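Notes follow once the structure below has been shown.
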Amino acid sequence: MDIDARGPRFGAAVTTAVLAVVLVTGSAWLLAWQTLAFLCGAAGGVGRSPYGLLFARAVRPRLGPPTELEAPEPPRFAQAVGLLFAGLGLVGYTLGPGWMGLAATGAALAAAFLNAAFGYCLGCELYLLVRRVAVRAG
């Protein structure tokens, strides 16, 4: 079943804010929260992530019907990619090296910002690329 494309974009906006605060404060706890949010989105789909649930309960009822729907698999894959980068960032912030925490968090922030501001989902595009390569190889 297709999903409202505004949900993942809303989640990306919240993620952008959270990751920006992580970079400014160096808070491993806040990055751990974001890592958990990515884990929920990767495991259960974006609708089951904390930001997806917030969108469904508090934001979507105030909006009109969606004008654009999308397949759930690319955003879910994007959540897994975000999980990977947030996990690397968390390791960097807690165990070192510190530059790895900054770089991984910065990369996740850049991807989230692109989705929030421009509707361009890097993880979704990566999903489509992987699928194309898998079809050609298999």
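The values are calculated or read from the model by the stated rules, or taken from the named source; none is laboratory data. Note that the coordinates shown come from a computational prediction; the quantities given were computed from them, not determined experimentally. Cβ: placed from backbone, ideal geometry, glycine included. Neighbour counts: every protein chain shown. SASA here: full protein model, heavy atoms, side chains in, ligands and nucleic acids out. Shrake-Rupley method; radii C 1.70, N 1.55, O 1.52, S 1.80 Å.
Whether a residue is part of a loop (DSSP other than H, G, I, E, B) and among the polar types (S, T, N, Q) was assessed, and T67 passes this test. Filtering region 1-31 to residues that are among the aromatic types (F, W, Y) and buried (at least 17 other Cβ atoms within 10 Å of the Cβ) leaves only F10.
Could you check, for region 87-100, whether at least one of its residues is open to solvent by less than 70 Å² (accessible area, probe 1.4 Å), more than 18 Å from L39 (Cβ to Cβ), part of a helix (DSSP H, G or I) and out of contact with any Phe, Trp or Tyr (no Cβ under 9 Å at 6 or more places or on another chain)? Yes, there is a match, as at least one residue in region 87-100 is open to solvent by less than 70 Å² (accessible area, probe 1.4 Å), more than 18 Å from L39 (Cβ to Cβ), part of a helix (DSSP H, G or I) and out of contact with any Phe, Trp or Tyr (no Cβ under 9 Å at 6 or more places or on another chain).
When P66, P72 are checked against the criterion of being at pLDDT below 95 and touching a strand residue (DSSP E or B) at 6+ places or on another chain (Cβ under 6 Å), a single residue qualifies: P66. Taken together, A134, A112, A117 contain a single residue that is buried (at least 17 other Cβ atoms within 10 Å of the Cβ) and part of a helix (DSSP H, G or I), which is A112. Of all the listed residues (R62, R76, R6), the sole one being among the basic types (K, R), without any contact (Cβ under 8 Å) to a residue 40 or more places away in the chain and under 15 Å from N115 (Cα atoms) is R76.
Taking region 32-58 as the range and being surrounded by 14 or more Cβ atoms within 10 Å (Cβ to Cβ) and more than 16 Å from the chain's Cα centre (by Cα) as the test, only A56 passes. A search for C-beta distances below 6 Å between a residue of region 14-42 that is within 20 Å of P72 (Cα to Cα) and without any contact (Cβ under 8 Å) to a residue 60 or more places away in the chain and any residue that is of a type in the set (S, T, Y) and assigned to a helix (DSSP H, G or I), counting only pairs 6+ apart in sequence or on different chains, returns V14/Y51.
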